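Visitor: Could you have a look at this structure, given as structure tokens, before my questions?
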Ligand code: PMP
């Protein structure tokens with residue numbers, strides 16, 4: 001080994017789902033939205049002039065921050081935007097998890113958390129979910145350096161009821177609690193009944209993170225945001241400006257505002273996905289699958305007879321991509337993103353034949 005190799009940071013990176021190329025495939029492996037972004041996004045894209053790219057973007061993303069603050073009824077000093085929620089969460093780990101005590105997140109949850117913790121050398125512990133994949137809130141009541149969990153959880157799709165989310169926050173007021181709501185818009189009911197956003201007014205140590213990648217159909221444009229108290233948002237911005245001032249490019253800022261404007265389209269597409277998901281649960285059940293009761297835009301399903309890996313391979317042969325995690329505890333499940341009704345019908349037609 002060369003002497004300088006000792007100075008290289010060694011990390012085990014997060015592995016994102018495949019992005020296979022081709023028009024005919026059915027892509028249900030990365031929780032993308034099957035519908036296009038709001039029509040206003042397409043219009044704004046057509047009106048965009050390359051000339052504007054000559055200049056640097058607004059480093060504060062003020063128009064987008066303004067649109068989000070208005071949409072969620074919070075102050076502009078309570079909103080932080082980043083390049084996808086991955087960027088927002090990475091910045092949050094760097095900013096808020098400085099304690100020497102371990103941070104806590106569920107053993108089965110977004111696998112990127114462990115990668116960021118390792119990258120930033122943050123100690124962590126991962127309390128186990130119960131046998132039915134539920135978060136056990138009592139595991140988060142012990143001394144810690146901060147807490148993060150997705151709600152609904154990924155890849156299980158299970159929603160932790162808001163009173164239990166609040167209990168975790170209430171019992172952890174000496175640390176920062178981050179609720180990763182990447183999938184909350186699919187949780188049904190009204191957001192007031194499921195999202196921790198309202199609790200931001202009550203708890204200064206709470207950060208709620210959401211994304212344009214799923215419910216707003218814009219995974220490719222990379223927008224995520226956090227809502228929290230002005231103290232948390234200021235701290236996040238200070239770290240961001242110590243790293244890269246111009247994280248959000250001009251198109252993202254413009255198209256993000258357009259997406260937020262069209263509330264009707266947002267509601268319509270989200271409810272179509274929720275409807276398809278509920279129907280898909282019935283179809284999967286009839287085919288012999290079992291699964292936690294998902295409130296997200298995917299279902300984490302396991303077949304009573306056929307191993308998940310075999311099904312994953314058989315589907316791939318058919319150009320139907322679902323996500324398979326070859327990890328203990330997860331390796332007999334498929335995470336199936338909810339596509340259009342037609343895509344799901346193709347999936348079920350194949351499975352019906354294959355499973356006999
Ligand atoms: N949180 C969770 C729980 C996710 O599943 C994802 C998607 N991989 C993200 C955050 C990040 O999404 P994005 O960076 O596209 O906003």
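Visitor: I need a count of the residues in the range 306-325 that are in contact with a helix residue (DSSP H, G or I) (Cβ under 8 Å, 6 or more places away or on another chain) and free of Cβ contacts under 8 Å to residues at least 24 places away in the same chain.
Guide: Total meeting the criteria: 1.
Visitor: Also, I was wondering about something else. Those residues that are in contact with a strand residue (DSSP E or B) (Cβ under 9 Å, 6 or more places away or on another chain) and either more than 16 Å from the ligand (Cβ to nearest atom) or assigned to a loop (DSSP other than H, G, I, E, B) (or both), I need them from the range 135-152; list them, please.
Guide: Answer for the range 135-152, where residues must be in contact with a strand residue (DSSP E or B) (Cβ under 9 Å, 6 or more places away or on another chain) and either more than 16 Å from the ligand (Cβ to nearest atom) or assigned to a loop (DSSP other than H, G, I, E, B) (or both): 135, 139, 140, 142, 144, 145, 146, 151.
Visitor: Being in contact (Cβ under 8 Å) with a residue 60 or more places away in the chain and either within 16 Å of the ligand (Cβ to nearest atom) or more than 25 Å from residue 157 (Cβ to Cβ) (or both), is that true of even one residue in the range 278-285?
Guide: There is no residue in the range 278-285 that is in contact (Cβ under 8 Å) with a residue 60 or more places away in the chain and either within 16 Å of the ligand (Cβ to nearest atom) or more than 25 Å from residue 157 (Cβ to Cβ) (or both).
Visitor: On to the next question. Give the residue, chosen from 215, 242, that is under 12 Å from the mean Cα position of the chain (by Cα) and at pLDDT 95 or above.
Guide: Testing whether each residue is under 12 Å from the mean Cα position of the chain (by Cα) and at pLDDT 95 or above leaves just 215.
Visitor: Also: Going residue by residue through the range 220-228, is there one that turns out to be closer than 26 Å to residue 27 by Cα, within 16 Å of the ligand (Cβ to nearest atom), in contact with a strand residue (DSSP E or B) (Cβ under 6 Å, 6 or more places away or on another chain) and modelled with pLDDT of 95 or more?
Guide: Yes; the residues of the range 220-228 include at least one that is closer than 26 Å to residue 27 by Cα, within 16 Å of the ligand (Cβ to nearest atom), in contact with a strand residue (DSSP E or B) (Cβ under 6 Å, 6 or more places away or on another chain) and modelled with pLDDT of 95 or more.
Visitor: While we're on this one: Does the range 16-51 hold any residues that are without any contact (Cβ under 8 Å) to a residue 60 or more places away in the chain and within 16 Å of the ligand (Cβ to nearest atom), and which are they?
Guide: The answer is 16, 19.
Visitor: Working carefully through the options 106, 57, find the one that is at pLDDT 95 or above, in a loop (DSSP other than H, G, I, E, B), surrounded by 18 or more Cβ atoms within 10 Å (Cβ to Cβ) and within 16 Å of the ligand (Cβ to nearest atom).
Guide: 106
Visitor: Another question, if that's okay. Restricting attention to the range 293-304, report how many residues are over 22 Å from residue 210 (Cβ atoms) and buried (at least 21 other Cβ atoms within 10 Å of the Cβ).
Guide: Residues flagged as over 22 Å from residue 210 (Cβ atoms) and buried (at least 21 other Cβ atoms within 10 Å of the Cβ) within the range 293-304 amount to 1.
Visitor: What are the pairs, 6+ residues apart or on separate chains, where a residue within the range 167-190 that is more than 11 Å from residue 147 (Cβ to Cβ) and at pLDDT below 95 has its Cβ under 8 Å from a residue that is within 16 Å of the ligand (Cβ to nearest atom) and assigned to a loop (DSSP other than H, G, I, E, B)?
Guide: 188/295
Visitor: Going through the range 296-320 one residue at a time, which ones are under 17 Å from residue 33 (Cα atoms) and more than 19 Å from the chain's Cα centre (by Cα)?
Guide: The one that is under 17 Å from residue 33 (Cα atoms) and more than 19 Å from the chain's Cα centre (by Cα): 320.
Visitor: Of all residues in the range 77-96, which are more than 12 Å from residue 235 (Cα to Cα) and either outside any helix (DSSP H, G or I) or more than 11 Å from the ligand (Cβ to nearest atom) (or both)?
Guide: Passing the criteria: 81, 82, 83.
Visitor: Which one of 69, 128 is surrounded by fewer than 20 Cβ atoms within 10 Å (Cβ to Cβ), part of a loop (DSSP other than H, G, I, E, B) and away from the ligand (no atom under 16 Å from the Cβ)?
Guide: One residue alone meets the criteria, 128.
Visitor: Also, quick follow-up: Answer with yes or no whether residue 34 is under 30 Å from residue 313 (Cα atoms), in contact with a helix residue (DSSP H, G or I) (Cβ under 8 Å, 6 or more places away or on another chain) and not in a helix (DSSP H, G or I).
Guide: Taking the combined requirement at face value, the residue satisfies it.
The values are calculated or read from the model by the stated rules, or taken from the named source; none is laboratory data. Here the structure is a predicted model, which is why all the values come from computation and not from measurement. Every residue, glycine among them, receives a Cβ derived from its backbone with ideal geometry; neighbour counts consider all protein chains shown.
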